[in-house]
Amino acid sequence: MFSYCVDPKTLEGLMWLSCYVTTAKHMSFYYSFFVVMGLLSLAAPLAMAFGFAGATAARSSLKIVRAFGKGYLAMIRGIPDIVFFLFIPIALDQAFEYLRHKVLCSDVTEAVRQGNDFVVCAAAKLPLNTASEWVHDIYGFSLALLAFGFVFGAFAGNVLSGAMAAVPKAQIETGEAYGFSSSQIFRRILIPQMWIYALPGLSNLWMILIKATPLLFLLGIEDIVYWAKELGGIKTGVYEYPHPDWRAWYFGVLMIFYLSLTYFSQSFLDKLSARLSKGQATMAGKTV
Amino acid sequence: MSSCFQTLTDYGLRSIGYGERLLPKADITLCEQFVLIGSGMIWNIYFAILALLFGFFFATVLALGKNSKLFLLNAPCRAFIFIFRGSPLFIQFFFAYDLFVLLPRLGVDIDLGFLVVTVETRWLTKAWLGALIVLFFNTSAYAGEIFYGALRAVPSQDLESADAFGFTGIKKFRRIVLPTMLRLAWPSYTNEAIFMFHATTLVFFTGFPAWQQKGDAIYYASYFADKTFNPFVPYPIVGFYFILLTLIIIGLFGLINRHLNKHLPTNERKRLKINKYNLIR
């Protein structure tokens with residue numbers, strides 16, 4: 001990065017440090033913080049979409065849709081989320097490849113699952129063996145993103161269905177009295193009115209989502225945990241910048257990163273909650 | 001069926017080092033998956049029960065500390081709760097493990113009177129102690145915040161009645177404040193206990209090594225998923241075990257909840273209703 005960094009062996013003190021923290025690998029480390037932020041900003045709306053679908057399904061008048069929706073919402077409370085994080089990406093990957101195999105290689109008659117192997121033809125592979133590396137990266141990230149959306153969608157679904165149930169009955173009945181159809185009531189009354197009841201749960205969910213982002217590491221993404229492990233490990237003399245085991249320092253930095261992220265989120269959400277409570281017929285609204 | 005019984009005797013206690021040493025490699029049967037993953041559950045239960053047990057007392061101390069008017073008492077408690085609630089457990093595991101590794105390797109003899117135990121610092125780098133400490137601190141912080149909230153919600157009339165009857169100090173706390181605090185906190189605390197059981201699945205994915213392949217349920221599940229390249233069997237088995245465990249926790253905590261509420265008139269007793277809508281973590 002700097003001109004004096006050409007020969008690290010001759011450097012000392014702060015100059016050594018300034019060169020050390022600007023190596024190409026450290027740049028990847030800093031970049032991976034943006035990956036985490038990217039995941040957060042994409043996973044949150046995706047989870048809301050999944051959650052909205054789940055909560056709506058759980059209220060459906062069709063028994064089968066309702067059972068499906070309730071099952072989706074309930075499942076996450078009994079099973080650790082990490083099971084889903086491990087299961088969903090590989091299951092989705094196999095499902096996609098299986099479908100593509102059936103469509104693209106219909107002439108192959110051998111079974112896909114042979115003992116302990118999962119064999120699809122070359123054309124059905126996802127991504128293709130010939131694809132460049134960034135395609136592999138994007139594909140892996142998308143699978144991880146879907147897993148996050150699915151798991152946090154179930155959490156969000158619980159929050160939203162609770163909020164929908166909390167909207168005062170009188171407001172729904174007022175809608176009926178004015179001759180609104182059930183879909184009009186849903187769109188015009190239920191959805192706008194539920195947000196204030198959903199906010200505490202959703203704020204909490206946001207905090208849980210922030211704290212779940214390091215699990216990206218388990219999905220084989222080169223995220224901040226990966227780089228902290230990689231950069232912090234002992235570097236012997238054969239490396240350009242030898243140092244002892246510094247992993248505790250690197251993870252200390254990650255701790256501070258997450259603590260400030262949750263701290264600022266919390267103060268923002270507290271302000272938002274105070275603002276949305278204004279004029280609502282709730283305890284918080286009345287004290288304003 | 002008899003072969004499955006054989007598998008049970010071979011692998012039933014594999015996760016804590018008894019029975020067959022080699023894990024199944026080829027021709028993995030459904031029975032083997034069920035037994036080994038179940039065996040791994042021993043670790044999940046061990047971590048969660050001990051962390052919750054010790055954490056319960058520490059959480060009470062933290063809640064009282066946070067509620068204290070003395071800055072010297074409430075500042076450290078606030079800081080502790082903020083640090084462990086504000087950062088991911090996953091990172092806490094890594095951070096703690098890497099700190100424990102840096103400790104000098106020492107052995108300290110502790111004389112128990114009838115036998116001398118050598119407490120070694122390298123135990124901290126083993127999952128059974130190191131991860132347990134992290135989980136203990138983590139659940140203490142979360143439960144401490146729950147108890148603190150409940151402490152603030154203890155009705156002032158209760159406290160006034162206690163004063164009127166001449167209750168002070170420890171007696172007032174033990175007879176009046178603590179039971180009410182627990183009663184109010186119990187639904188959220190049940191939720192925390194469920195999350196604690198789920199959180200134990202992270203242990204062997206962090207720095208803490210599964211020594212001699214003695215791991216928890218999810219460790220074996222991912223082992224099978226790797227070996228058979230089929231995630232559709234082992235992960236649902238883990239899910240099955242955990243749903244069972246969650247139902248048992250809800251049952252047990254429901255019994256305690258009934259005990260905590262039994263002095264109330266029947267129409268005021270609350271059945272344990274897990275708050276689905278406001279997640280506490």
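The values are calculated or read from the model by the stated rules, or taken from the named source; none is laboratory data. If you're wondering where the values come from, they're calculated on a predicted model, not measured in any experiment. Here the Cβ positions follow ideal geometry from the backbone for every residue, glycine too, while neighbour counts run over all protein chains shown.
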**Message:** For a quick check of your reading of the model, give me the residue pairs whose first member lies in the stretch A:60-78 and is away from chain B (no Cβ under 14 Å), whose second is surrounded by 15 or more Cβ atoms within 10 Å (Cβ to Cβ), with beta-carbon atoms closer than 7 Å and at least 6 apart or on different chains.
**Reply:** A:60/A:69; A:65/A:57; A:66/A:57; A:66/A:58; A:68/A:57
**Request:** Taking residue B:108 as the residue in question, decide whether it is over 21 Å from the mean Cα position of the chain (by Cα) and part of a helix (DSSP H, G or I).
**Result:** no
**Selection count, the stretch A:172-211, where residues are more than 14 Å from chain B (Cβ to nearest Cβ), part of a helix (DSSP H, G or I) and surrounded by fewer than 17 Cβ atoms within 10 Å (Cβ to Cβ)** = 12
**Request:** Quickly run through the stretch B:222-248 and pick out the residues that are within 23 Å of residue B:189 (Cβ to Cβ), more than 8 Å from chain A (Cβ to nearest Cβ) and buried (at least 17 other Cβ atoms within 10 Å of the Cβ).
**Result:** B:241, B:245
**Prompt:** Do we have residue B:72 as over 27 Å from residue A:218 (Cα atoms), assigned to a helix (DSSP H, G or I) and away from chain A (no Cβ under 14 Å) here?
**Reply:** yes
**Asked** So residue A:258 fits all but one of (1) surrounded by fewer than 20 Cβ atoms within 10 Å (Cβ to Cβ); (2) of a type in the set (Ser, Thr, Tyr); (3) facing chain B (nearest Cβ under 9 Å); what number is the exception?
**Response** (1)
**Request:** Residues that are of a type in the set (S, T, N, Q): find the helices (runs of 4 or more DSSP H) completely inside the stretch B:124-201 holding 1 or more of those.
**Result:** B:132-152, B:156-164, B:178-199
**Asked** Which of the residues spanning the stretch A:217-252 are surrounded by 14 or more Cβ atoms within 10 Å (Cβ to Cβ), within 21 Å of the chain's Cα centre (by Cα) and either more than 10 Å from every other protein chain (Cβ to nearest Cβ) or charged (D, E, K, R) (or both)?
**Response** A:219, A:221, A:222, A:223, A:226, A:227
**Residue that is surrounded by the fewest Cβ atoms within 10 Å (Cβ to Cβ) [pool: residues in the stretch B:86-123 that are hydrophobic (A, V, I, L, M, F, W, C) and within 8 Å of chain A (Cβ to nearest Cβ)]** = B:102
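For (1) in a helix (DSSP H, G or I); (2) more than 12 Å from chain A (Cβ to nearest Cβ); (3) without any contact (Cβ under 8 Å) to a residue 12 or more places away in the chain, each residue gets a yes or a no:
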| position | (1), (2), (3) |
| --- | --- |
| B:21 | no, yes, no |
| B:26 | no, no, yes |
| B:34 | yes, yes, no |
| B:41 | yes, no, no |
| B:80 | yes, yes, no |
| B:84 | yes, no, no |
**Prompt:** Listed residues B:199, B:221, B:225; which is more than 24 Å from residue B:57 (Cα to Cα), under 22 Å from the mean Cα position of the chain (by Cα) and among the aliphatic types (A, V, I, L, M)?
**Reply:** B:221
**Asked** Would you pick out the residues in the stretch B:14-52 that are under 23 Å from the mean Cα position of the chain (by Cα), under 19 Å from residue B:126 (Cα atoms) and not small (Gly, Ala, Ser)?
**Response** B:14, B:16, B:41, B:42, B:43, B:44, B:45, B:46, B:47, B:49, B:50
**Complete:** Out of (1) outside any helix (DSSP H, G or I); (2) modelled with pLDDT of 85 or more, the one residue A:111 does not meet is (2)
**Message:** Quick test of your reading of the structure: residue A:97 fulfils all but one of (1) touching a residue at least 24 places away in the same chain (Cβ under 8 Å); (2) acidic (Asp, Glu); (3) in a loop (DSSP other than H, G, I, E, B). Name the failing condition by number.
**Reply:** (3)
**Request:** Among the candidates B:199, B:210, B:217, single out the residue that is among the aliphatic types (A, V, I, L, M), in contact with a helix residue (DSSP H, G or I) (Cβ under 9 Å, 6 or more places away or on another chain), touching a residue at least 12 places away in the same chain (Cβ under 8 Å) and closer than 21 Å to residue B:252 by Cα.
**Result:** B:199
